[in-house]
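What follows draws every value from the coordinates through simple rules; no lab data is involved. Computed from a prediction, not measured in an experiment: that's the story for all the values here. Ideal geometry is used to build each Cβ from the backbone, glycine not excepted, and the neighbour counts take in all protein chains shown.
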Amino acid sequence: MKRLVFNLVILLFVVLTAHSQGGMWLPNEISGKIEKEMKSFGLKLKAEKIYSEKNNSIKDAIVQFGRGCTGEIISDKGLLITNHHCGYGAIQRLSTVENNLFEKGYWAESYEKELPGKGLTVTFVEKIEDITDRVLNGAMEGMSNSALQSLVDKNIDRIKKETKTDPFQVLEISPFYNGNKYYLFYKKIYKDIRLAGTAPESIGKFGADTDNWVWPRHNADFALFRIYADKDNNPADYSPHNKPFIPKHSLPVSIAEKKEGDFTMVFGFPGRTSEYLPAVAVDMIANKIDPAITDIRGIALSIMDRYMREDAATKLKYASKYAGIANFWKKWIGESQGINQSGAVSKKREYEEEFINRIKTNPDKQIKYGDIISKMERLYEEFTPYSIAENMIDETFASNIDLMTIMSVSARLKSVFENNGEKAFNEFKSRLLPFVQNKYSEYNHDIDKEIFAALIKNYLNKSEEKFIPESIGGLKTDKEIEDFTDKIYSTAFSSFDNFKKVIDSTDSKWILSVFDKDAAFNFAMEINSLSDDKVAPYYNELKVQIDSLQKIYMKAQMEVFPEKKYFPDANSTLRITYGQINGYSPRDAVYYKPFTYVEGVMEKYKPGDYEFDLPAKYLEMMEKKDFGPYADKTGSVPVCFIGTNHTTGGNSGSPALDARGNFIGINFDRVWEGTMSDLYYDPKICRNIMADSRYILYLIEQFSGSKRLINEMKIVGK
């Protein structure tokens, strides 16, 4: 009975605070109303401690890790923590079948043994400026889209030329609120990044794809890297003479007790959201686009999974690719279900009715915005079949069939030669080869061939007739599809060595003749032509019109509903999101607690299962139960926890911070029921998932025995 009352109190608290939650805020703009609201949730810091241009602040410990994740610095020697899945590609490149770091893990015993992550970068944001007036200088009411874009591009070029930077700074100017505002980011990029430690994937990816986007969760999704700099602490290419980077700020790591209702802040680089779309767009995505592309990925994944389970070398080769494809496959399924479960489309339609009712009372706004909803509905009705076709073509032939991807890109050789001549052809050849080599590194002829046949069948069954290539339009039976597949995979380009032998020739006409005779190349050319002639022109024209209207609709919403708070949609720029540790009720009679524990790891443990197996040393740790300072008041070690922070892709690896800015965990996922938060945030069911700092430290100390890494950190709380 006490537990029931407690759960009702928590659920009531969530409902009462729901209106205030959600949002991804620019850190330079949180002082004032947002800061006040954050403090009402429990924040103990002033805004200038979070973001400052003059003094060291928390933002100086936050980096964009690689191209699509976040990392944070947790020692004064440049030690960086991010997600295991964010470091996956680097760990894969450092692994071989004989020395598989995925299976064994890796813990460097000294600086000298930290492994260079070739191609890895981390990016700091040093300053953010609102430059809207400068970018839109000269813009006039009624300008065409092309004229306005030309003006904006010229203004941006001029601003970059006029802005003074130090020798290591780079500038980036990004649009916000659908192009209604612009900000300038001063960045610094470090290129010498080395692997300092990672648990084996049986711990770092425990639960693998079965548990992906799921709560309760029990994996330690973290890896440790270190930033290196030259003797002056500036960015430099890899050199054995480089020194560990000295940061302006590093995050203290907290092992203090946490409880439901505690303040949490996630700081990072969220990728993309579209929170202000009209109902018709959300309906299209959830009920047309998502089902189409998840069907395609599901087919490809089932084939890959079967081969990966049968062979260790195949599993290693396909590990990163499979994880990337599966991640969004499951996310899009959850997004579609979440949109429908939460009634997001109906709620947006109610919002649009209120929008229309409000502007009816204002003649000026009625003239400016009176028909915007009906215009968008007409455009999306026309746009939907082309959007489905564009996604079907991309997912079928570009994202999930490697041979088609290689051939499609290679098709540019022909157009480059015909349009730009021999010199341009040879230059493109030199750029093409590294890309193709990378694609072949993950290529298995038999797997790709089986995926091709299955996806061709799916494409024929799901596509409108006008979007079906002529060469496969007449295929009716499985045998006909099989014969066509055999023809395609008799290609002269079945391996990188074969591809390179052709491309290395100095006779450009002979190279093109080999491609012209190849069935795979010609089919890729046919797909490209289909896209270029029957899909892209209509898709792009309608998309320009939609984007133009969305910009106006965004401005209109801010004028018509001035009482609302409007955070800018995520666009891979630095953001803060705040919330609290809270459980949730995804459906009737179900309540999820906000913490998981090591006992839950053992409940899921399955010897020999590649998703739920555990190393022998971990099992020994569980037998000993020597949890040291990392146990909470239950006597056990918390593994993961969930909060109401509004996150998305790109927030992977972001720090979860407490009310005083201490590192309390690392963000790595969202609950499945709430993945629709990219389109519609519902605080009742949207939860982000974080690995607990206590579990992370417990593993570093007890599993790896890497005291040197623990000793670098400033540990607070006990």
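For the pair MET140 and THR210, what calculated FRET efficiency results from E = 1/(1 + (r/R0)^6), where r is the Cβ-Cβ distance and R0 = 45 Å, to the nearest 0.05?
0.20
Along the Cα-to-Cβ line of GLU382, 7 Å from the Cα, sits a label point; which residues in the range 540-580 have backbone N less than 15 Å from it?
540-550
Nearest 0.05, what FRET efficiency do GLU465 and ALA616 give at R0 = 56 Å with Cβ-Cβ as r?
Approximately 0.45, to the nearest 0.05.
Which value in nm describes the separation of the simple spin-label points at LYS414 and ASP626, placed 7 Å from the Cα toward the beta carbon?
Calculated label separation equals 6.7 nm.
To the nearest 0.05, what FRET efficiency results for ARG708 and LYS44 with a Förster distance of 25 Å applied to their C-beta separation?
The pair ARG708/LYS44 has a calculated efficiency of 0.20.
Taking θ as phi - 60°, what are the ³J(HN,Hα) couplings along the range 130-139 by the Karplus curve (6.51, -1.76, 1.60), each to the nearest whole Hz, with x for Gly and Pro?
For the range 130-139, the Karplus curve yields 7, 10, 3, 4, 6, 5, 9, 4, x, 5 Hz.
Could you tell me which of rounded, prolate or oblate describes the range 83-191, using a ≥ b ≥ c as the square roots of the eigenvalues of the alpha-carbon gyration tensor, with rounded for a/c under 1.5 and, failing that, prolate when a/b is larger than b/c and oblate otherwise?
Prolate, because a/c is 1.5 or more and a/b exceeds b/c.
Normalised by the number of residues in the chain, what is the relative contact order in percent for Cα pairs under 8 Å and 6+ residues apart?
Answer for the chain is 25 percent.
Restricting to DSSP loop positions (anything but H, G, I, E, B) with no more than 14 other Cβ atoms inside 10 Å of their own Cβ, which GluC sites (Glu not before Pro) remain in the range 411-504?
Here the sparse-neighbourhood loop sites are GLU464.
For the range 249-264, in order, what is each residue's ³J(HN,Hα) by Karplus, 6.51 cos²θ - 1.76 cosθ + 1.60 with θ = phi - 60°, in whole Hz (x at glycine and Pro)?
8, 10, 7, x, 9, 9, 10, 5, 4, 10, 8, 4, x, 5, 5, 9
Could you check the spin-label model distance between LYS160 and ALA256? Points 7 Å from the Cα along Cα→Cβ, value in nm.
Taking the two extended label points, one gets 4.4 nm.
Using 0.36 nm per residue of separation minus the Cα-Cα distance, give me the extension gain between LYS365 and GLU442 in nm, one decimal.
Working it through step by step, the gained length comes to 22.2 nm.
Quick test of your reading: applying the under-4.7 Å Cβ rule, which cysteines of the chain are isolated?
Here CYS640, CYS686 come out as lacking a disulfide-compatible partner, given the Cβ-Cβ threshold of under 4.7 Å.
For LYS500, which aspartates and glutamates qualify as cross-link partners when the Cα separation must be under 13 Å and same-chain residues fewer than eight apart are set aside?
Reachable aspartates and glutamates: none.
Can you grab the distance from the C-alpha centre of the range 139-206 to the C-alpha centre of the range 571-602, Å, no decimals?
Here the two parts' Cα centres lie 31 Å apart.
Take the alpha-carbon centre of the range 270-316, take the same for the range 690-704, and report the distance between them in whole Å.
So the two Cα centres are separated by 31 Å.
Please report the relative contact order for the range 279-560, taking Cα pairs under 8 Å with a sequence separation of at least 6, and give it as a percent rounded to a whole number.
Reported relative contact order: 26 percent.
For the range 128-226, run through the trypsin sites (Lys or Arg not before Pro) and keep only the ones in DSSP coil with at most 12 other Cβ atoms within 10 Å of their Cβ.
LYS164
Quick check: pseudo-label points 7 Å beyond the Cα along Cα→Cβ at LYS36 and TYR351, how many nm apart are they?
2.4 nm
Using Cα pairs under 8 angstrom and six or more residues apart, how large is the relative contact order of the range 499-630, in percent?
Over the range 499-630, the number comes to 6 percent.
Going by amide H atoms built from the backbone, whose H comes under 5 Å of the H on TYR584, apart from near neighbours?
The list, which skips near neighbours in sequence, is TYR592.
For LYS181, which sequence-distant residues (separation of 5 or more, or a different chain) have an amide H within less than 5 Å of its own amide H, given hydrogens modelled in the peptide plane?
PHE176
In whole Hz and in residue order, list the ³J(HN,Hα) couplings for the range 624-638 that follow from phi through the Karplus curve 6.51 cos²θ - 1.76 cosθ + 1.60, θ = phi - 60°; x for Gly and Pro.
6, 6, 8, 8, x, x, 8, 6, 9, 5, 6, x, 10, 9, x
Once fully extended, how much extra length lies between ARG358 and SER150, figured as 0.36 nm per residue of separation less the alpha-carbon to alpha-carbon distance?
The ARG358-SER150 span can extend by a further 71.4 nm.
Counting only Cα atoms, I'd like the Rg/Rh figure for the chain, Kirkwood definition for Rh.
For the chain, the value is 0.96.
Express in nm, to one decimal, how much length is gained between PHE435 and THR96 on full extension, taking 0.36 nm for each residue of separation and deducting their alpha carbon distance.
Value of the extension gain: 120.0 nm.
Counting other Cβ atoms within 10 Å of each Cβ, which GluC sites (Glu not before Pro) in the range 52-154 have at most 16 and sit in a DSSP loop?
The qualifying sites are GLU53, GLU98, GLU109, GLU141.
Would you mind classifying the range 279-560 by shape? Square roots of the alpha carbon gyration tensor eigenvalues, ordered a ≥ b ≥ c; an a/c under 1.5 is rounded, otherwise it is prolate if a/b is larger than b/c and oblate if not.
prolate
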